[in-house]
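The values are calculated or read from the model by the stated rules, or taken from the named source; none is laboratory data. Fair warning: this is a prediction, and the values are worked out from it, not measured in the lab. Cβ sites come from the backbone with ideal geometry, for glycine too, and all protein chains shown count toward neighbours. Just so you know, the surface numbers come from the protein's heavy atoms only, side chains and all, with ligands and any DNA or RNA stripped out. Shrake-Rupley method; radii C 1.70, N 1.55, O 1.52, S 1.80 Å.
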Amino acid sequence: MSEERFGEFVLVRRHEEGHVAELALDRPKAMNAVSTEMARSLAAACTALGEDRDVRVVVLTSTHERAFCVGADLKERNSFSDADLVRQRPVTRGAYTGVLELPVPTVAAVHGFALGGGFELALACDLIVADGTAVVGLPEVSVGVIPGGGGTQLLPRRVGAARAAELIFTARRVEAREAAELGLVDTLVEEGRDREEALALAARIAGNSPVGLRAAKRALRLGHGMDLRAGLEVEDAAWRSVAFSGDRAEGVAAFNEKRPPAWPGE
């Protein structure tokens, strides 16, 4: 396993044998509150991971024992002028968009607090694994703003418009069991096992064709919200992008020869 640090607060671990990269939030003194510097580092790390063709799955984790991420750094923002806030906005958007637009499957491993922008980082992932300590929510209206890291758009896509409205308007925190029941997280695991289970899930995903995984994610993301006819055209374009690939040829050959595939990744 190799490690690379992006700034002071973001760590990337590459689990090379399984083609899995771990994107770790590492600002423990602030419970991973997203400062301007941390947002810039997250965006840079996502750019690097998106360009790394050896990476098939990214797992978003936290090094803090009691929190995934508590959201925006409100202590930093308390000192901001209006002009400062305007200047910061594209930087923070770049962090959330960076996670959202990763071209490979993404899994969030959540424990403890995942609030505001912290929960939005998890929502930007394709799948969320949470342990029994997880507490999630979008409390932004309680401090005079709105979810600005994608929450107003990503949450209704997960749980429906009315449920998202209730959660955003009340600003309430949701504990792990209810979060799983409502679909705010996908898999609930025993306390302390969120990272382990998320990495295991990522390893299973990474065993599949890297070309197929990227194309499937592209079709899922682009087709969401379209009418069926338009969505099927998106799917067809994604299928055509893989149908004549080396991965497709290897996958068919390996199936017929009853052996594990050795994906060329092209």
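Condition check ((1) assigned to a helix (DSSP H, G or I); (2) within 25 Å of Gly50 (Cβ to Cβ); (3) of a type in the set (Val, Ile, Thr)) across all residues:
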{"residue": "Arg221", "(1), (2), (3)": "yes, yes, no"}
{"residue": "Glu235", "(1), (2), (3)": "yes, yes, no"}
{"residue": "Ala238", "(1), (2), (3)": "yes, yes, no"}
{"residue": "Glu250", "(1), (2), (3)": "yes, yes, no"}
{"residue": "Ala254", "(1), (2), (3)": "yes, no, no"}
{"residue": "Arg259", "(1), (2), (3)": "no, no, no"}
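A count restricted to segment 131-165 and to residues that are among the basic types (Lys, Arg), over 16 Å from the mean Cα position of the chain (by Cα) and over 29 Å from Gly192 (Cβ atoms) stands at 0.
Total residues in segment 153-195 satisfying the condition of being under 16 Å from Phe113 (Cβ atoms) and of a type in the set (Asp, Glu): the figure is 4. Once segment 121-149 is narrowed to residues that are outside any loop (DSSP other than H, G, I, E, B), open to solvent by 30 Å² or more (accessible area, probe 1.4 Å) and under 23 Å from Gly94 (Cβ atoms), the residue that is modelled with the lowest pLDDT is Val143.
Checked against (1) open to solvent by less than 60 Å² (accessible area, probe 1.4 Å); (2) free of Cβ contacts under 8 Å to residues at least 24 places away in the same chain, Thr63 meets all criteria but (2).
Among residues of segment 221-236 being free of Cβ contacts under 8 Å to residues at least 24 places away in the same chain and under 19 Å from the mean Cα position of the chain (by Cα), the one that is most open to solvent (accessible area, probe 1.4 Å) is Leu222. With the requirement that a residue be at pLDDT below 95 and of a type in the set (A, V, I, L, M, F, W, C), what does segment 31-74 give you? Residues satisfying the conditions are Ala72, Leu74. Could you tell me which of the residues Val86, Val91, Val99 is of a type in the set (Val, Ile, Thr), in contact (Cβ under 8 Å) with a residue 24 or more places away in the chain, open to solvent by 10 Å² or more (accessible area, probe 1.4 Å) and part of a helix (DSSP H, G or I)? Of Val86, Val91, Val99, the one residue that is of a type in the set (Val, Ile, Thr), in contact (Cβ under 8 Å) with a residue 24 or more places away in the chain, open to solvent by 10 Å² or more (accessible area, probe 1.4 Å) and part of a helix (DSSP H, G or I) is Val91. Please find, among Glu65, Glu22, the residue that is over 24 Å from Ala216 (Cα atoms) and either part of a loop (DSSP other than H, G, I, E, B) or not aliphatic (A, V, I, L, M) (or both). Exactly one of Glu65, Glu22 is over 24 Å from Ala216 (Cα atoms) and either part of a loop (DSSP other than H, G, I, E, B) or not aliphatic (A, V, I, L, M) (or both), namely Glu65. What do you reckon, is Arg77 at pLDDT 95 or above, open to solvent by 30 Å² or more (accessible area, probe 1.4 Å) and among the basic types (Lys, Arg)? Considered against the rule, which asks whether it is at pLDDT 95 or above, open to solvent by 30 Å² or more (accessible area, probe 1.4 Å) and among the basic types (Lys, Arg), Arg77 comes out as no.
Of all residues in segment 28-51, those satisfying the criterion of being over 14 Å from the mean Cα position of the chain (by Cα), open to solvent by 40 Å² or more (accessible area, probe 1.4 Å) and more than 15 Å from Thr133 (Cβ to Cβ) are Pro28, Lys29, Glu37, Arg40, Ala44, Glu51.
Given the criterion among the acidic types (Asp, Glu) and closer than 17 Å to Val110 by Cβ, identify the matching residue among Glu3, Glu37, Glu22, Glu17.
On inspection, the qualifying residue turns out to be Glu22.
Could you list, in sequence order, all residues of segment 172-208 that are open to solvent by less than 20 Å² (accessible area, probe 1.4 Å), in contact with a Ser or Thr (Cβ under 9 Å, 6 or more places away or on another chain) and either assigned to a loop (DSSP other than H, G, I, E, B) or not aliphatic (A, V, I, L, M) (or both)? The one that is open to solvent by less than 20 Å² (accessible area, probe 1.4 Å), in contact with a Ser or Thr (Cβ under 9 Å, 6 or more places away or on another chain) and either assigned to a loop (DSSP other than H, G, I, E, B) or not aliphatic (A, V, I, L, M) (or both): Asp194. Here segment 105-120 is the region considered, the condition is being open to solvent by less than 10 Å² (accessible area, probe 1.4 Å) and part of a loop (DSSP other than H, G, I, E, B), and the residue that is nearest to Glu51 (Cα to Cα) is Gly116.
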